[in-house]
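For reference, the structure discussed in these notes is given below.
The values are calculated or read from the model by the stated rules, or taken from the named source; none is laboratory data. Here the structure is a predicted model, which means the values were calculated and not measured. Reconstructed Cβ throughout: ideal geometry from the backbone, glycine too, with neighbour counts over all protein chains shown. The protein model used for the area step is the full one, side chains on, heavy atoms only, and it has no ligands, DNA or RNA in it. Shrake-Rupley method; radii C 1.70, N 1.55, O 1.52, S 1.80 Å.
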Amino acid sequence: MDALRRLFPYLRPYRAYALLSLATLTALVFLDLAIPRLIQRIIDDGIRPGNQDVVLSTAALMLLISLLSAGVAIGNNLFSVRTGEGVARDLRADLFDRIQGFSFGNLDRQRTGLLMVRLTSDVNALKHLTQISLRIGTRAPMMMVGSLLLMIQTSPPLALTLLPLLTVTSLLIGIFIFRMEPLFRVVQQKLDRLNTVLQENIAGARLARGFSRADFEIGKFDAANRDFANHSIRVMRFMSTMQPLLALCVNAGMVVVIWAGGLQAIEGTLSLGQVVAFGNYLLTMMTPLIMMTMLSNTWAAGLASARRVGEVFADPPEVQDLPGARALPEDLSPTLEMNNVRFAYASAGGDDVLHDIALAATPGQTLAILGATGAGKTSLINLIPRFYDTRAGTVRVGGEDIRTVTQRSLRKRIAIVPQEALLFSGTIRENIAYGKPDASLAEIEAAARAAQAHDFISALPEGYDSHVEARGANFSGGQKQRLSIARALLPHPDILILDDSTSAVDVETETRIQDAMALSAASRLTVVVAQRISTVLKADQIIVLEHGQIAARGSHRELLASSPIYREIYDSQLGGGLPGVRA
Ligand code: CTP
Ligand code: MG
C-alpha cells in the first residue's frame, strides 16, 4: 500500500479524467440500481392489474435507461483509459529519466533485464490497476452498498433472513482475497525470474551457440517456465474451487429469496414485484463481488509492480553534483592529478581494487596505464570523468577537485573510448557525431581519418550513411573500436581516455592511429590504457599497475632500465620480435 501511495502524484495531472470517470461510474450505479425497481413496477402496477399503459411506459423507460447506461459506460471506459494511459506514460518517462541519471554504481546493481521489465510490464500492470480501480474496483463496493440498502428498503424481514448467508459470502470473499494476494505475488516473482532468464538467454544466444550450450540454456529456461506454470496452476486450482463456492452462495441466496419471499407473497405481505426486485438486487450485489475476486490478480500484480518501480526510484544516483557545484571554468588548463586515491566497488564486497594511487599529467602529455587483466586499469580511468566516486583521496582536473564541479562541465572536457566499443543503431555518421550532433561532414571525416576508419567506411556502398545495427552488430571488433575512437576524437576533448581501445586492431594500424592522433595532441592530455606494451611505447609517462597498486612508473626507457616488472612484460611481449610471430 505504501508503494502505491508514492504513485498517487502521478494521478494528479489526470485528476479531471479520474473524477469524470468516478462520476460516470456513480451515474452508472444509479442507473443499474433503478432497473429492478422498474421491473417491480411492471409486474405490480402493469402486468397484474392488466394495465397496458404502465407496461409500455415502464418498458420504454427501461430501454431509455439501458441506452443511457451504455453511453455512460462508454464514457467511463474512455475516461479511465485516458487516466491509466496518462499515468503510465508519465511513469515510464520518469523511470527512463531516473535510469538515465544512474551512475555506474547504480547500473552495476540494477540488472538491465529487470530495468526493462520495470519500464514495460510493471508500468503496464500499474496502468491496469489504475483503470480497474476506476471501473469495477469502485463500482463493486458502490453496487454492493446500494443493493443492500435497496434490499432492506424492499423488505427488511427478507433482508434479515438473508443476513447469515450474506455474512458467509462476505467471509468467503475476504478469505479469497486475503489468500490470493500472496499466491499471486509468488506467481509474479516466478514471472520475473522467467523474464530474467529470457533476457539473459536472448542476449547471450550467440555465446550459447559457440559453446554448444543450447541444451543447458533450454534446460534453464524450461525450469523457470515450468516453475511459473506450476505456480499459476496452484493459483488457478484455488480459484477454481472458490468460484463455484461463491456461485453456490448466490444460488442459495436466490433459493432463500424465492422460498421465503414466495411464502410472504402468498400470505400477501409482499408483492410479486417486490420478490422479483429483491432477487435482482441480490444479483446486482453479488455479481460485482465475484468480479472483484477475479481482480485480485490485477491487484497483486499492481502492488508488486508498484513496489518494484518504487525500488528504482528509491535508488538515488550514487554520484551527484554537490549543492551549488560550479561549472569547471572553460579556460582552465586540463591537468590531471590523483592523490592517495583508494577505490572499491560496492558490489564486490567492499575490498579496495585501487590502493594509494598518485599520479599527475599535463596537457600535451600521454599518460599510459599498463597492467594485466584485472589490475584495475578501467577502474582507475573511470574515476576521471567521475563515473564512480573515490573511497578516499582526490582526483583533480585543472587543479579543481572534481567532486566540487558539475558532472556535466567536467564530462564536456573529457572523451572516453570505452573498453567495449558500443555503437547505437543508426548511421555511421550519427554514431561518430554522437558527442557533437551538429558536426559537419568534414569534421566527421577528419575524425574518421585520424581513427583510421575513413578507408573502410568509404568502401561501404553507402559510406558515412551506412546503417549500423544495434550494438554495432554488423561491424567487426576492430571496426567498432575505430568508430568509437573517431567518436571520441570529434569533439576535440581536452582529455582523451582510451581504454584498451586498439586491442582489436593490428599493431600497424595502431601505430597509424597513434601518429594521426599525435598531430592534434598538442594541447590534449591523453590517457591510454593497455595490456599490450606496443601501445604505450611512446607515452611520456607509463604507470605499471599491479593488483590495484602502482608498481612502477617512468618513460619506456627509464622503466626498461629500472623496473624488473616492466622488463619482464617487455621481454614476454616484444622480446622475441612482434607478438605472435616466432623469432
Ligand atoms: N570489478 C568489480 N566490479 C566492477 C568492475 C570490476 O568488482 N563493476 C573488479 C574486478 O573483479 C577486478 C577489479 O575490479 O578484480 C579491477 O577491474 P578492472 O579495473 O576492470 O580491471 P582492468 O585492469 O581494466 O582489467 P582488463 O584489462 O581485463 O580490462
Ligand atoms: Mg579494463
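Would you work out the charge dipole size for the range 494-565 about its Cα centre, treating the Cβ of every Lys and Arg as +1 and the Cβ of every Asp and Glu as -1, and quote it to the nearest 20 debye?
Approximately 180 debye in magnitude.
Strictly greater than 24 Å: what percent of every Cα pair in the range 247-345 meets that?
Numbers: 3120 of 4851 pairs.
Value for the range 247-345: 64 percent of Cα pairs lie more than 24 Å apart.
Any chance you could list P(r) for the range 336-574, counting all Cα-Cα pairs in 5 angstrom bins from zero, rounded to whole %?
Result returned by the calculation: 1, 6, 14, 18, 18, 16, 13, 8, 4, 1, 0.
Give me the orientation-averaged projected area of the Cα convex hull of the range 273-397, in nm², one decimal. The partial results should precede the final answer.
Numbers: hull surface 61.9 nm².
That works out to 15.5 nm², a quarter of the Cα hull's surface.
So if I restrict to the alpha-carbon atoms in the range 12-313, what is the Rg, and what is Dmax, the biggest pairwise distance, in Å?
25.5, 87
Mind checking the angle between helix 136-154 and the chain's longest principal axis? C-alpha axes, 0 to 90 degrees, to the nearest 10.
Value to nearest ten degrees: 10.
In the range 509-565, what percent of the accessible surface is made up of carbon and sulfur (1.4 Å probe, ligands and nucleic acids excluded)?
The nonpolar share, carbon plus sulfur, comes to 54 percent.
Counting Lys and Arg as +1 and Asp and Glu as -1, what is the net charge of the other residues whose Cβ lies under 12 Å from the Cβ of Arg553? The partial results should precede the final answer.
Values: positive: none; negative: Asp540, Glu546, Glu558.
Once all neighbours under 12 Å are counted, the net charge is -3.
Please report the carbon-and-sulfur percent of the accessible area for the range 12-313; probe 1.4 Å, protein heavy atoms only, DNA, RNA and ligands left out.
67
Under a 1.4 Å probe, what is the accessible area of the chain per residue, stated in Å²?
Numbers: 29410 Å² over 583 residues.
Spelled out: the 1.4 Å probe surface of the chain, per residue, equals 50 Å².
For Ala214, what charge total do you get from the other residues with a beta carbon under 15 Å from its beta carbon, if Lys and Arg give +1 and Asp and Glu give -1? Don't skip to the answer; put the middle values down first.
Values: positive: Arg206, Arg209, Arg213, Lys220; negative: Glu200, Asp215, Glu217, Asp222.
The answer is 0.
Please give the calculated 222 nm ellipticity per residue for the chain, where each DSSP H segment of at least 4 residues contributes -39500 (n - 2.57) and the sum is spread over every residue; nearest 500 deg cm²/dmol? Write down the numbers at each step before the final one.
On the way: 20 runs with 346 residues, N = 583.
Estimated from H runs of four or more residues: -20000 deg cm²/dmol.
Could you give the Stokes-Einstein D for the range 354-480 in µm² per second, using the C-alpha Kirkwood radius, 4 °C, 1.567 mPa s?
Translational diffusion coefficient: 76 µm²/s.
Mind putting together the pair-distance distribution for the range 433-583? All Cα pairs, 5 Å bins, whole percent per bin, short to long.
2, 8, 16, 20, 17, 14, 10, 7, 4, 1, 0
For the range 276-322, what is the convex hull (Cα atoms) projected area averaged across all directions, in square nanometres?
4.9
Using the eigenvalues of the Cα gyration tensor, what equivalent ellipsoid semi-axes result for the range 84-208 when each is taken as the square root of five times the eigenvalue, whole Å, largest first?
Working: eigenvalues 420, 69, 22 Å².
Equivalent-ellipsoid dimensions as semi-axes: 46, 19, 10 Å.
Could you tell me the ratio Rg/Rh of the range 178-301? Both radii from Cα atoms, Rh via Kirkwood.
1.35
To one decimal place, what orientation-averaged projected area in nm² is obtained for the convex hull of the Cα set of the range 385-448?
Projected over every direction and averaged, the Cα hull of the range 385-448 covers 6.0 nm².
Can you check what the net charge comes to around Ala439, using other residues whose Cβ is under 13 Å from the Cβ of Ala439 (Lys, Arg +1; Asp, Glu -1)?
Local charge sum for Ala439: -1.
Looking only at the chain, where both bridge partners belong to it, what percent of the DSSP beta bridges are antiparallel (to the nearest 5)? Let's see the in-between values first.
Details: 20 of 40 bridges.
The antiparallel proportion sits near 50 percent.
Expressed as a whole percent, how much of the Cα-Cα distance distribution for the range 1-148 exceeds 18 Å?
68
Sorted from largest down, give the three principal axis spans of the alpha carbons of the range 1-46, whole angstrom values.
Here the Cα extents, ordered largest to smallest, are 55, 22, 5 Å.
Which whole number in µm²/s is D for the chain by Stokes-Einstein, with the Kirkwood Rh taken over Cα pairs at 25 °C and 0.890 mPa s?
After rounding, the answer is 82 µm²/s.
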